[in-house]
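Colleague: Handing you a structure now.
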Amino acid sequence: MSKIRRSKSGHAGAERRLVALGAPPRLPRQPGAEWLVQALEAVGARRVAHPGNHKFCGLFDRTATWGHPGMPQVLAVHLQRDQEKRTFSFAHALLPLPAMAQSWLIHRGCPPDAIALAPLGPQPADETTRALERRLAGDGDHYAMGYSYTSDDPDDMVIVVALRALDERAPSPFRVVVEEVDTETWTHTLREGGFDTLGEALQWCDDRLAGQAGLLPPVRPAAASRPAGVVQAPAPRPPGRSR
């Protein structure tokens, strides 16, 4: 269809098949899109919605709060159908942040503009949060997740995630991303910090869960360095002094 609409290579053969089915020949210099409408009507074609071979979903797992302490609560699912065999397969990942689930789905083929978040949970509190969420969703091949902990304590709803740079030359080889929820305004903030060692990153996570952390150290700038999302999803490491 697109070959005929745009008169691209191979359109002549497709047109001949429609003419053989009863469509009128295309007039000289007639736009392909215009002729295609006439041809499909002439052969009695009708539009049928195709269910699609790929489905991408981001789900919130409400049962996770009753499971292992700190478990991620966002489930990313990619379902793939085989129309000929009438079978399907699927892959999934438990991830701590919705933006990381978006990243996982996008890097499995989901169009970025088709995986917007439903406005059900706490909304971003500021542009800094929205900007970091966009980068987390789009740059999932730069960092891997090493640790996460999700606390849904209503007095301190927080998620901490430690990321490891896949590029050893990254100026801040370890990052910590923190989401904090304001239950009064039902908004959330997302912030990141840079660390030189895994131990420092994990220690900051432990301190934050214990309510003793200082400010996140800034990420060292670099021209080719960008904070990113998640391509792996290991089980959470139990927090240190926090529980």
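Colleague: Could you please rank E184, E179, E34, placing first whichever residue has the fewest other Cβ atoms within 10 Å of its Cβ?
Modeller: Least crowded to most crowded, the residues run E184, E34, E179.
Colleague: Would you mind estimating how fast region 2-42 diffuses translationally, via Stokes-Einstein at 10 °C and 1.306 mPa s with the Kirkwood radius over Cα pairs, in µm²/s?
Modeller: It comes out at roughly 161 µm²/s.
Colleague: Local charge sum around H92 (other residues, Cβ-Cβ under 14 Å, Lys/Arg +1, Asp/Glu -1)?
Modeller: +1
Colleague: For region 18-29, in order, what is each residue's ³J(HN,Hα) by Karplus, 6.51 cos²θ - 1.76 cosθ + 1.60 with θ = phi - 60°, in whole Hz (x at glycine and Pro)?
Modeller: Here the 3J(HN,Hα) series is 5, 4, 5, 8, x, 6, x, x, 6, 6, x, 6 Hz.
Colleague: By average Cβ neighbour count within 10 Å, what is the ranking of 11-23, 155-167 from highest down?
Modeller: 155-167, 11-23
Colleague: Out of residues 5 or more away from M71 or on other chains, whose amide H comes under 5 Å of its own, with H placed 1.01 Å from N in the peptide plane?
Modeller: Residues meeting the criterion, in which the H sits 1.01 Å from N, are T150.
Colleague: Let me ask you something else. May I ask you to evaluate 6.51 cos²θ - 1.76 cosθ + 1.60, the Karplus curve with θ = phi - 60°, for each residue of region 165-180 and list the ³J(HN,Hα) values in order in whole Hz, giving x for glycine and proline?
Modeller: 5, 6, 9, 5, 8, 4, x, 10, x, 10, 10, 10, 10, 10, 10, 10
Colleague: So, one more: Only counting other Cβ atoms within 10 Å, I'd like D153, D126 sorted with the fewest neighbours first.
Modeller: Ranking D153, D126 by Cβ neighbours within 10 Å, fewest first, gives D153, D126.
Values in this text are rule-based calculations from the coordinates and carry no lab data. Given the structure is predicted, the values throughout are model-derived calculations rather than measurements. Positions of Cβ are backbone-derived with ideal geometry, glycine not excepted, and every protein chain shown enters the neighbour counts.
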